[in-house]
1. Using only the alpha carbon atoms of segment 276-347, find the Kirkwood hydrodynamic radius as the inverse mean reciprocal pair distance, in angstroms to one decimal.
2. Grab the Cα-Cα distance for ASP348 and GLU196, subtract it from 0.36 nm times how many residues apart they are, and report the gain in nm with one decimal.
3. So what is the accessible area of the chain per residue, in Å², with the probe set to 1.4 Å?
4. So who's got an amide H within less than 5 Å of the one on THR373, skipping anything under 5 residues away but keeping other chains? H placed 1.01 Å off N, in plane.
5. Give a residue-ordered list of calculated ³J(HN,Hα) values for segment 250-266 (Karplus: 6.51 cos²θ - 1.76 cosθ + 1.60, θ = phi - 60°; whole Hz; x for Gly, Pro).
6. Using θ = phi - 60° and the Karplus form 6.51 cos²θ - 1.76 cosθ + 1.60, what ³J(HN,Hα) does each residue of segment 193-204 get, whole Hz, x for Gly and Pro?
7. Carbon and sulfur together cover what percent of the accessible area of segment 34-89 at a 1.4 Å probe radius?
8. Subtracting the Cα-Cα distance from 0.36 nm times the residue separation, let me have the gained length for ALA205 to GLU73 in nm, one decimal.
Amino acid sequence: MTVADRAAAGFHQVYAEPPAGRWAAPGRVNLIGEHTDYNDGFVLPFALPLRTVAAAAPQPGETWTVWSELTGETVDFGAAEVTAAGRVTGWAGYVAGIVWALREAGYRVPGARLAIASDVPLGAGLSSSAALEAAVLAALVDLGGLDLPAEAQPRLAQRAENRYVGAPTGIMDQSAAIRCRAGHALFLDCRTEQVEHIPFDLAAAGLAILVIDSNAPHRHVGGEYAARRNSCEKAAALLDVPALRDVPTDNLDDALARLPDDETRRRVRHVVTENQRVYDTVDLLRARQIQQIGPLLVASHTSMRDDFAITVPEIDTAVEAALAAGALGARMTGGGFGGCVLALVEADHSDTVANAVTDAYARRGFTAPTHTTVTPAAGATRLD
Ligand code: GAF
């Protein structure tokens, strides 16, 4: 059964009626631009063909009921749970967070029944939470006839995640889940929220993106993420700029010289050089030179490993093995401390690279990785 069929079947089973519609939103990988979003910088994600689907129908009053195939559990909440942040916890907190954020922005949110199914793996750094937020948001906007254009939806979904769920993430994942276009990567300026859809036709170039799930246990993700964000914000204050995006690459050495310690200097160097790598990648993609972006992906990984210190041994092993087996470039994608690696490979070489990573894992005694090749898909959409 497809994920959309599972959502409809789940809806039918739980509520004994068909849904009024189904809304889908994708997971994402980020091609390049890591930990730049909350520094007001630049990112270049694309949507995955793996999606979360919300089947939904209105229900009377200010009440919401949501079922998920993941747990088989049904969670009910009402106005009391969405007047203050954090009252619904666990996976349903993302749903309640969207209701909360809409209400806080002044929208009359319709009561609703929802059934959620998903192909986006949890905890793999492929942004399953943003996919859930975006699918639920699309459903509620349509069911309520709310005047909330797609361009304004990422900020609202991010607010749900930051304030209701309490995760201090940037705006990349929600933007990818909502604004991506099939066949394109999304070049996003996280300060202005301006986007440019950059054609990313891997097949035409005889290339593929292999996504390797490290299957590494996520270690200290929340605390370490918040710590990185905190050091970046402190550094921006020390440098007297609104955000690290305002440190130009050609002024980097001057800026570094004004910082008090080596760790802060490394964090800043990652963010500033990573923004430049996003620009350089976009330039190459605009010139249809996809195969040339490999060294930028590798440099991004090195910077995340040595300067931002967000990789783990499983991730570094996957990158090294992929490159040794002939990948044109490889890097960790997402927030770090586990999750996925993406590798740019010749299309007919992806099995060789994937097998090399599997062998390297076996040699090191790591849990076997899993892998898939992906093409850029569309953002959130109504299915029917
Ligand atoms: C996570 C966050 F949710 C994003 O906002 C972003 O900061 C990313 O990590 C790192 O680039 O996915």
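1. Values: mean 1/r = 0.0812 Å⁻¹.
Hydrodynamic radius (Kirkwood, Cα pairs) of segment 276-347 is 12.3 Å.
2. On the way: separation 152, 0.36 × 152 = 54.72 nm, distance 2.98 nm.
Net length gain for the segment: 51.7 nm.
3. Working: 14810 Å² over 384 residues.
Each residue of the chain exposes 39 Å² on average to a 1.4 Å probe.
4. Amide H neighbours of THR373, under 5 Å, 5+ apart: VAL211.
5. Using θ = phi - 60°, the values come out as 6, 10, 4, 4, 4, 4, 4, 5, 8, 9, x, 8, 5, 4, 4, 4, 5 Hz.
6. Values, residue by residue: 6, 6, 10, 10, 8, 9, x, 9, 9, 5, 4, 4 Hz.
7. Working: 1050 of 2030 Å².
Reported share for carbon and sulfur atoms: 52 percent.
8. Values: separation 132, 0.36 × 132 = 47.52 nm, distance 4.49 nm.
The ALA205-GLU73 span can extend by a further 43.0 nm.
The values are calculated or read from the model by the stated rules, or taken from the named source; none is laboratory data. Please read these numbers as outputs of a predicted model, since none were measured by experiment. When we count neighbours, we look across all protein chains shown, and the Cβ atoms used for this are built from the backbone with ideal geometry, even at glycine. The area values use the complete protein model at the heavy-atom level, side chains included, leaving out ligands, DNA and RNA. Shrake-Rupley method; radii C 1.70, N 1.55, O 1.52, S 1.80 Å.
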